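Data first, discussion second: the structure below is written as structure tokens.
The values are calculated or read from the model by the stated rules, or taken from the named source; none is laboratory data. What you are looking at is a predicted structure, and each value in this text was computed from that prediction instead of being measured. In this analysis, Cβ positions are derived from the backbone assuming ideal geometry, glycine residues included, and neighbour counts consider all displayed protein chains.
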Ligand SMILES: [Zn+2]
């Protein structure tokens with residue numbers, strides 16, 4: 001870099017500090033979507049009535065999503081069958097595999113059936129989503145050893161064959177067990193913000209049924225999440241899992257870099273059929289730009305330049321991303 005180019009890439013701030021502005025084209029993958037500090041997932045187990053009655057309206061009111069670990073062969077599911085089969089998936093909530101009846105089985109074949117038939121129901125309930133796709137999985141709690149007669153490596157093979165991903169453990173994450181109040185749950189959120197991690201809280205009943213979290217504490221949590229929305233990506237387990245996996249295997253390569261257009265390729269060393277979550281990229285643009293148009297395939301978005309960068313979503317793959325000055 002010659003002297004003049006070097007000087008031109010320095011930015012002077014408040015009379016005291018100098019730092020080198022990124023060269024146009026310099027691109028990084030944001031740690032989490034929209035450059036938020038952490039990913040946070042609200043998980044709800046056992047397809048309970050109180051989820052349909054108390055949880056869904058409060059999530060929807062705030063534009064939040066959640067992951068629901070359903071048991072389609074259980075009586076709770078059955079009493080709200082229509083909600084679980086149409087309303088909830090159509091509203092975009094995540095259906096996750098908590099086995100078919102939550103009761104385990106007396107043979108390995110029965111355990112396999114518990115897991116695979118739950119997946120079939122999830123597939124049937126989400127006809128508009130791709131299949132096969134990754135599905136979040138949680139083994140039912142409280143099962144006696146004889147009701148889960150499958151060796152760990154056999155279970156892992158079965159999960160892998162069915163694109164099932166084990167969620168984080170209940171320990172330290174259970175509402176009413178690890179956290180009694182909304183403020184305690186929010187402290188768990190703040191820890192995720194500080195650690196830049198993916199975290200979750202696992203609920204059973206909310207305002208009824210078992211291990212029940214009072215509705216007012218749940219609302220304290222949701223309102224606190226809303227206040228932290230610029231830092232917290234409230235999402236679903238598979239979206240966060242895919243994001244982290246793709247991000248950790250991602251690389252970018254600039255293929256064109258002119259004064260009015262930057263073109264680049266985002267690749268990630270994962271199976272694009274299963275890993276279809278868009279990543280958020282941050283690209284430095286020339287200092288003359290105020291806005292940019294980002295295009296990848298049929299997706300076109302207008303973005304503002306902030307602090308010399310544009311922030312946008314893109315899918316890893318062969319399709320070139322272009323950012324054009326507007
Ligand atoms: Zn359960």
### Summary
By residue number, the members of region 61-75 that are more than 11 Å from the ligand (Cβ to nearest atom) and either in a loop (DSSP other than H, G, I, E, B) or surrounded by 23 or more Cβ atoms within 10 Å (Cβ to Cβ) (or both) are 62, 63, 64, 65, 66, 67, 68, 72, 73
### Query
Within region 88-110, restricting attention to residues that are away from the ligand (no atom under 11 Å from the Cβ) and out of contact with any helix residue (DSSP H, G or I) (no Cβ under 8 Å at 6 or more places or on another chain), which residue is farthest from residue 128 (Cα to Cα)?
107
### Query
Taking interchain pairs and intrachain pairs at least six residues apart, which have beta carbon atoms under 6 angstrom, with the first residue in region 298-326 and under 13 Å from residue 282 (Cα atoms) and the second surrounded by fewer than 19 Cβ atoms within 10 Å (Cβ to Cβ) and modelled with pLDDT under 95?
308/21
### Query
Name the residues in region 26-55 that are more than 16 Å from the ligand (Cβ to nearest atom), in a helix (DSSP H, G or I) and touching a strand residue (DSSP E or B) at 6+ places or on another chain (Cβ under 8 Å), would you?
33, 34, 35, 54
### Query
Could you count how many residues in region 122-157 are within 16 Å of the ligand (Cβ to nearest atom) and in a helix (DSSP H, G or I)?
2
### Query
Got at least one residue in region 165-175 being in contact with a helix residue (DSSP H, G or I) (Cβ under 6 Å, 6 or more places away or on another chain) and either assigned to a helix (DSSP H, G or I) or closer than 29 Å to residue 112 by Cα (or both)?
yes
## Note on the structure
Wholly inside region 207-326, strands (runs of 3 or more DSSP E) that include 1 or more residues that are farther than 23 Å from residue 45 by Cβ are 250-257, 261-268, 279-284, 291-296, 299-304, 309-314, 321-325
### Query
Can you tell which of 23, 58 is surrounded by 11 or more Cβ atoms within 10 Å (Cβ to Cβ), more than 16 Å from the ligand (Cβ to nearest atom), modelled with pLDDT under 95 and closer than 30 Å to residue 244 by Cα?
23
### Task
Please name all residue pairs, on different chains or six or more residues apart, with Cβ atoms under 6 Å, provided the first residue is in region 135-162 and is touching a residue at least 60 places away in the same chain (Cβ under 8 Å) and the second residue is within 13 Å of the ligand (Cβ to nearest atom) and part of a loop (DSSP other than H, G, I, E, B).
136/167; 138/98; 138/167; 140/99; 140/102
### Task
Considering (1) touching a residue at least 24 places away in the same chain (Cβ under 8 Å); (2) within 22 Å of the chain's Cα centre (by Cα); (3) under 23 Å from residue 204 (Cα atoms), say which one residue 90 fails and leave the rest.
(1)
### Message
Looking at (1) closer than 18 Å to residue 75 by Cα; (2) in contact with a helix residue (DSSP H, G or I) (Cβ under 7 Å, 6 or more places away or on another chain), which one does residue 135 not meet, given that it meets all the others?
### Response
(1)
### Message
So, residue 55, is that one closer than 17 Å to residue 162 by Cβ and touching a residue at least 40 places away in the same chain (Cβ under 8 Å) or not?
### Response
no
### Message
Looking at region 272-282, can you tell me whether even one residue there is more than 30 Å from residue 131 (Cβ to Cβ) and touching a residue at least 40 places away in the same chain (Cβ under 8 Å)?
### Response
yes
### Query
Right, residue 147: at pLDDT 95 or above, more than 23 Å from the chain's Cα centre (by Cα) and over 30 Å from residue 227 (Cβ atoms) or not?
yes
#### Entry: Subset of region 194-206 (residues that are within 16 Å of the ligand (Cβ to nearest atom) and not in a strand (DSSP E or B))
204, 205
